[in-house]
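Structure first, commentary second.
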Amino acid sequence: MAFGSPSFNKGVVSFAVLLTYILILFLVFWEDVLPDVPKDQQGLSLQDAYLDLHHITEQPHPYNSHANDYVREYVLAKLDSIADEYPHVRVANDLRSNGSWASPSRGIYFEGTNILVKVDGTDPNYREKGGVLFSAHYDSVSTAPGATDDGMGIVTLLQLVEYFSKYRTERTAIFNFNNGEEDGLNGAHAFLQHPWSKVAESFLNLEGAASGGRPILFRGTSSAVLRAFKTRNVPRPHTNVFTADAFKRGVIRSGTDYSVYTEGAELQGLDLAFYKGRSKYHTKYDAVPYTDGQEKSLWAMMTAARGAGTALLNDSRTHDPDRYVPAVYFDLFASRLVLFPLDTLYIFNILFLILGPILLIGLLFVQAVIKAALNKRHDDHHAGHGPSLLTRVFTDFRLIWRWAKFGVAIIVTVGFQALLIFVFIKTNPYIIYSSPYIVLFCLTAVSFVTFTWTVTSDLPPSSHDDPADSLPENQKETLLLQSYFFSWILLLLSTIAIGKAQIGGLYTVTFWSVGLWVACALGSIETVFSVKDHPKNFTRLRSRSRSDSRSRSRSSSPSYFRRRRRTEPTEHTPLNQEQDNEHGRYTDNGNGQRGRSASRKLEDEGTIDWWLPQFIFVVPAPVILIAHIGNIAMDAMAQTLSDGNSKVAVYATASLIGFLLVLPLAPFSFRIHKSIGAMLLILFVIFGLWATLWAFPFDADTPLKVYFQQTIQLEGAVISSSSLPRSSNIHTPLSSGAIDGPIIRDVVTSLYGVPEYIHSDVVPTLPSAQGKEVECYKSHIKPGLVGCNWPSGLDMTPRPGVAPKLATIPFANGSENSYLDTFDATNFFRAEFLRTSSTSARITIQGRNTRNCRLYFDNRYIIKYTVAGGIHGMQPPYTISDPGIPELRLWSREWDKTFVVDVEWRDYIGLGEGLRGRVACEWAEYASASAGVPGQGEDPAKGGFRSAKIPALEEVISFLPTWVVVSKFTDGLVEAWEYFEV
């Protein structure tokens, strides 16, 4: 049954392999390029949005900074101007929402400064329920202007407010321009305290975890809301459930407001974020000039948010409660969104695990019966020749090797991959940071060479070997069955993972397994249809068992039926043809020279008709799916090494991707020309030597991140506290304050980074660390990183600055805070502790020129806390669980606020033991980041402020090598603290 398919020879198959891979990889990378901005922007204005982005990102503007107030005023003014134009638009300047919530590691009290907008929909039924929330945060971290995190999200929301005001939708739109996301998702929590939070039923959150490029829909709660990203709504969708699986399991060490909306409010929603260029994330390079794609990147977010938002507001199918189930989703070449429920994949896998082998065994049984009938007819003429099958199984090592080498090839490939990873990690572990695709190529090349060359290797023939088993078509069928068996095992494991952990990214296993099943079925069906080509009265004379075995096996092969028909002997047939067929490969050409035999030429010409459909079912689909995942994984994960992520995990991910790109080729590897492997091997040697011996892994475009913090130990800032512990390495006071002011006992500068570079290459470049004793240790806050501390020195002591309009604090001892009005450098905060019962105390704290203070509890965990002026009780479901919390973080919308906190703890023994720990306040602004902020340097009594000064950070910014960039270690760049005991 010939269809005129291309021949199954090395030239054709090698060409098909090269064409398939080149085309797929080209399309994957081509569609990853940002498209041009169209002239017709259909109701949006990129020019206005880009101008807004410049204003918002002039300086770093964390929650605990005066620049944050400036950004807030700018955003509020823009929204007020829109609301004045449209009566169905309302703006809420939310300066009232506050609350408390807890995680296992800390408790939070937060006073929100969110700006909310409500755009009423045309359907009255959706005015107070069934609405859609759009969210982004206008604060940045202290070390970055925040162009992508989250300036682009904010200006996109500004555009959407105006767009939906002009083009009204069916449902009501709620916009949350929230503040405090960077310090623990606090703005989203504060939103849940506002009545408008009850209007929303679903949400779209805009974020940035990198420095631009194409934004990706990296999380979605359910099939219903994911329909908003269908191609009719978002023409160029970019998404993959793999990112949600990775994020859920902490591969990316970040958090977004998505988790608060889904867990705290039980909303259905989507998380759209930037993910490329993480080396610039939370650094000075997260600025407009350094954004990957710049206007194009912003336009990509704007169009995706508009399309998905319009669908959420108008399409009832995105609000279908019956479809609020986990989903599998991915895009194909940015042109089509594939979406189906995870339960569908789970059920299909179970059915396919059961029915697939049964149906395939049935087809193989029919094939075996037909072969047995043909062999029996042939054996009637050659009775008694050849060993039995049982004898061959136990004595023919070549046969055993052919059935075992697929598994051996996997083991060998994994072994070489592990060896290569070991070499990379030992010689240049961070080369994947800046050159992820070079590393991926090396790992893929090693996979191809080791796997295909192992699979195509063979043992010398034995006396009773069946030469037909060596035919590429027969080995292809054998490897198809082995690949299917392997994929069945993987499918079983993935189905268990889906059922227990809901890992949707394992859909690739299903597609590959189905393709292999179809290919195996085609091979069996081909045998059935080829029977009609078999000569009825065919006999072949053989005098040896090996010859008989050869004729019997070939007579049962589909390729033989067509080959026999084309080469029936006639009176013109050469007498040596039988010898040629017998001995296989060479014959005499009449001149005493050996030439290629007729049978070998026929074999090379190829005779299998159905190999191409089998190739199409087995190779392209899994390669496309893995290439998409690999592209995302390399861009998202490679630069997480500076966050402390495991090098082994990142390299192993690249290794797995490389191996999975090669694995589908196994059945066709016998017809892939060795020159392809040799070429890949040469390129591997070149790139491998460059990557391990010569390349430096960091530069200004992909800088290594280090994390800064400075701590100050005070004495005398705590009032009504006794038995204050002293550290063993207290320094002589650097300075003293006013008569009632505290003194500074110790100032320490800390830098955290990867262990290979932080101590030897980074810290020595800083003048303040030179000649000092530098102590390095493993960080428990950022696992995988090393922290290095050294005494700062008097000239590197930070100053807290002065906030506008200082208030007087009524402390219990009758004193006031007049000392905070001074400019003395030691007056960072003041605290008072009063025990109110055997298991409770009242703590009063006021920091200078700050909105953030903390309490650390060393000997007792807190089981309850309340803050004066705040809402009593904890925000559900974020309550305090046993055994309590070791830390309490306090956030105020006002500068120099006095926090009055009541805390309770358990006394398990009943001895009335008190409470011990540390009290601290934080500062997050510095001179260079505050330059140009309105009010800086002006009279605080008239609304101006004096910015905090952090000389040690300014030194780090000035003296770090060009291939290193600084980021914040925690909420506060500076933390001043003192021990307390109640």
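What the table shows:
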quantity	calculated
Pairwise label distance in nanometres, MET679 with ALA649, each label 7 Å out on the Cα-Cβ vector	3.8
Candidate lysines for bridging to LYS198, where Cα separation is under 16 Å - those fewer than 8 sequence places away on the same chain excluded	LYS118, LYS129
Rounded Å value of the spacing that divides the Cα centres of segment 500-516 and segment 181-257	24
Angstrom value of the Kirkwood radius, inverse mean 1/r, which spans all Cα pairs in segment 838-982	17.7
R0 of 45 Å, Cβ-Cβ distance PHE422-ASP458: FRET efficiency to nearest 0.05	0.90
Residue order for MET679, MET302 - accessible surface, 1.4 angstrom probe, largest first	MET679, MET302
Assigned charges on the beta-carbon of Lys, Arg, Asp, Glu; segment 188-241 dipole about Cα centre (debye)	260
Heavy atoms of THR262 accessible to a 1.4 Å probe, total area in Å² rounded to 10	30
Computed FRET value (nearest 0.05) for GLU773 with ILE743, which takes r as the C-beta separation and R₀ as 35 Å	0.95
Nearest-0.05 FRET efficiency for ASP858 and PHE485, computed from C-beta distance (R0 60 Å)	0.55
All lysines inside 25 Å of LYS674 as judged from Cα atoms, apart from same-chain residues fewer than 8 positions distant	LYS10, LYS405, LYS476, LYS601
Distance from segment 743-761 to segment 854-873 (C-alpha centre basis), Å	31
Counted charge near LEU337, where neighbours are those whose Cβ lies closer than 11 Å (Asp, Glu -1; Lys, Arg +1)	+4
Heavy-atom SASA rank of ILE432, ILE525 (probe 1.4 Å, accessible area, largest first)	ILE525, ILE432
Segment 1-67 - charge dipole about Cα centre, Lys and Arg +1 at Cβ, Asp and Glu -1, debye rounded to 20	540
Inverse of mean 1/r across different Cα pairs in segment 74-212, Kirkwood, Å	15.4
Nearby lysines by direct alpha-carbon distance to LYS280 (threshold 28 angstrom, same-chain neighbours under 8 apart not counted)	LYS248, LYS296, LYS426, LYS647, LYS705, LYS778, LYS782, LYS949, LYS968
Total formal charge among the other residues, if their Cβ is under 14 angstrom from that of GLY677, Lys/Arg +1 and Asp/Glu -1	+3
Spacing of the two label points (7 Å from each Cα toward its C-beta) at GLN41 and VAL325, in nm	4.2
11 Å beta-carbon shell around GLY131, net charge (K/R +1, D/E -1)	0
Surface share of carbon and sulfur [accessible, 1.4 angstrom probe, percent] for segment 107-177	40
Assigned charges on the beta-carbon of Lys, Arg, Asp, Glu; segment 210-258 dipole about Cα centre (debye)	160
Approximate spin-label separation ARG90-ARG249, in nm, with each point projected 7 Å along Cα-to-Cβ	4.6
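The values are calculated or read from the model by the stated rules, or taken from the named source; none is laboratory data. All figures in this text were calculated on a predicted structure; none of them were measured in a lab. Reconstructed Cβ throughout: ideal geometry from the backbone, glycine too, with neighbour counts over all protein chains shown. Each accessible area value is taken on the protein alone, full model and side chains, heavy atoms only, with ligands, DNA and RNA left out. Shrake-Rupley method; radii C 1.70, N 1.55, O 1.52, S 1.80 Å.
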